[in-house]
Amino acid sequence: MTTLYQNFIDGRFPPADPDTAIDVHNPATHELLARIPTAPEEEVNAAVEAARRAQPAWERTPAIQRAGHLRAIAAKVRQHKERLAEIITREQGKILGLARVEVDFTADYIDYMAEWARRIEGEVLTSDRAGESIFLTRRPIGVTVGILPWNFPFFLIARKMAPALITGNTIVVKPSEETPINAFEFARLVAETDLPAGVFNLVGGRGADVGAALCNHPEVGLISFTGSVGTGSTIMQAAGRNLTRVNLELGGKAPAIVLASANLDLAARAVVDSRVINTGQVCNCAERVYVERAVADEFTAKVVALMAATRYGDPMAEADLNMGPLVNQIGLDKVAAMVDRAREEGGEVVLGGRKADRPTGFHYEPTVITHCRADMEIMRKEIFGPVLPIQVVDSLDEAVALANDSEYGLTSSIFTQDLNAAMRACRDLRFGETYVNREHFEAMQGFHAGRRKSGIGGADGKHGLYEYTETHVVYMQHG
Ligand code: NAD
């Protein structure tokens with residue numbers, strides 16, 4: 001009997017309508033895993049209303065007590081680590097080792113945000129008047145909404161919920177319809193803690209109806225969205241009607257620059273790791289390489305050897321894998337079509353370049369494409385698969401100019417042992433993040449924020465926390 005999950009609204013699980021439920025499949029085996037509800041309009045409204053009712057008391061709860069609630073949730077996540085990791089792997093397709101990292105990181109992230117309880121500070125400002133004090137405080141926005149993608153579905157719950165709750169907001173989360181089971185399991189764990197009803201709510205459904213209904217709701221103060229540029233733009237237009245704040249973490253097309261002065265073994269390893277992690281489906285993944293001519297052949301040979309050694313398969317059935325399948329048929333077809341167009345545009349596929357020959361699973365072969373040029377689609381659009389396009393350049397300046405000539409601006413990297421070149425790249429690369437001599441992956445105490453179409457605002461650390469607050473200034477005239 002297939003499980004039919006229920007929404008989590010105001011601390012309760014209302015009955016789900018099987019007629020409108022969404023099937024969730026395993027991308028490696030295509031087996032039906034579970035069904036999730038589509039929240040009807042009245043349940044979307046009930047979730048926002050529950051969050052609105054719960055918010056004032058939650059805001060008045062001392063921050064250190066709010067932190068205690070967060071820690072209790074983190075502890076639940078740790079207790080159920082193995083089960084949650086298997087759920088993530090089954091519905092999303094990432095390898096089990098990475099799913100375990102995702103669960104650990106989620107629990108650590110919730111604890112990290114809880115640590116801010118005693119550190120959310122205001123300011124006392126100097127007044128122009130005699131006998132006046134000016135206080136600036138940071139206050140919660142009210143009801144927030146978190147709309148999640150499918151690539152790190154479990155961690156993204158924490159990335160939205162933990163900063164929202166520790167700053168005194170309440171939240172309604174909508175997971176991706178591709179990978180919602182982990183979120184419904186998370187809601188069950190939350191329900192086992194004594195978090196007050198309405199502080200955390202979860203509704204299932206597709207973006208165009210349930211997601212849109214949340215984004216159009218006038219009582220929502222902040223929409224925190226992670227996903228594609230197209231959806232980000234649609235959400236921003238919806239938010240415009242009510243002038244709702246948005247925090248948008250969108251796509252990427254991260255450049256990796258490899259100079260002749262690089263440690264080529266380190267560079268090849270880091271670039272490949274940044275390409276195959278989560279089967280290339282990460283916003284910060286190395287998506288295009290600019291390598292200096294003098295080392296282009298040697299570097300490419302190293303990359304091809306590492307990509308060729310990348311093992312892929314069904315992560316629940318096979319051991320020692322580096323990659324699972326892509327998330328769905330649409331993702332697989334998109335990657336295949338991009339590689340075909342890259343060939344037509346003059347790219348040379350030196351490894352892979354095909355859908356894998358396997359009976360099930362949305363697998364694409366690890367692929368390397370050389371002879372790429374700046375005008376090719378594969379160098380400009382997000383691939384979101386295990387495909388690495390390489391372009392040869394003649395200087396650091398050329399590489400930086402090509403890297404910056406992109407509608408995306410999330411992450412970037414530079415590989416060199418030349419300190420001056422590294423510093424120049426850090427100065428000139430117009431991205432939210434630059435990694436020097438290491439793989440692309442952010443830390444929870446950093447600030448993950450994209451430029452250009454990669455987003456508005458950011459997440460993590462102190463700056464990410466403040467995205468969930470607004471300021472209040474008190475001018476107090478006294479004796
Ligand atoms: P997506 O935009 O298709 O969907 C994301 C979410 O938006 C889903 O929950 C979906 O149901 C919802 N949605 C769709 N239409 C909506 C609408 N009109 N109104 C409200 N909600 C709507 O993205 P995806 O395919 O799930 O995720 C992959 C994308 O996410 C990639 O582009 C990737 O780069 C990006 N991403 C970015 C970051 C980051 O931190 N910048 C992190 C992870 C993923």
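Could you name every one of the helices (runs of 4 or more DSSP H) located completely within region 366-477 that has at least 3 residues being within 26 Å of Gly347 (Cβ to Cβ)?
396-404
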Name the single residue, out of those in region 91-102 being assigned to a helix (DSSP H, G or I) and touching a helix residue (DSSP H, G or I) at 6+ places or on another chain (Cβ under 8 Å), that is nearest to His363 (Cα to Cα).
-> Gln92
Are there any pairs with C-beta distances below 7 angstrom linking a residue in region 339-367 that is free of Cβ contacts under 8 Å to residues at least 24 places away in the same chain and within 18 Å of Ala309 (Cβ to Cβ) to a residue that is in a helix (DSSP H, G or I) and not aromatic (Phe, Trp, Tyr), with the two at least 6 apart or on different chains, and if so which?
-> Val349/Val339; Val349/Arg343; Gly353/Val339
Note on Glu177: of the conditions (1) more than 16 Å from the ligand (Cβ to nearest atom); (2) surrounded by fewer than 24 Cβ atoms within 10 Å (Cβ to Cβ), unmet is (1)
Before we move on, is Gly205 in a loop (DSSP other than H, G, I, E, B), on the phi > 0 side of the Ramachandran plot, within 15 Å of the ligand (Cβ to nearest atom) and modelled with pLDDT of 95 or more?
-> yes
Could you say whether any residue in region 117-130 is surrounded by fewer than 19 Cβ atoms within 10 Å (Cβ to Cβ) and touching a helix residue (DSSP H, G or I) at 6+ places or on another chain (Cβ under 6 Å)?
-> yes
Somewhere in region 229-245, is a residue part of a strand (DSSP E or B), surrounded by fewer than 22 Cβ atoms within 10 Å (Cβ to Cβ) and either at pLDDT 95 or above or not small (Gly, Ala, Ser) (or both)?
-> yes
From the list Phe384, Phe415, pick out the single residue that is under 17 Å from Cys285 (Cβ atoms), of a type in the set (Phe, Trp, Tyr) and within 11 Å of the ligand (Cβ to nearest atom).
-> Phe384
Just wondering, is there one or more residues in region 186-205 that are under 17 Å from Glu91 (Cα atoms), in contact with a Gly (Cβ under 6 Å, 6 or more places away or on another chain) and surrounded by 24 or more Cβ atoms within 10 Å (Cβ to Cβ)?
-> no
From the options Gly211, Gly251, residue that is part of a loop (DSSP other than H, G, I, E, B), within 16 Å of the ligand (Cβ to nearest atom) and not aromatic (Phe, Trp, Tyr) | Gly251
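The values are calculated or read from the model by the stated rules, or taken from the named source; none is laboratory data. Computed from a predicted model, the values in this text were never measured in an experiment. Backbone-built Cβ (ideal geometry, glycine too); neighbour counts: all protein chains shown.
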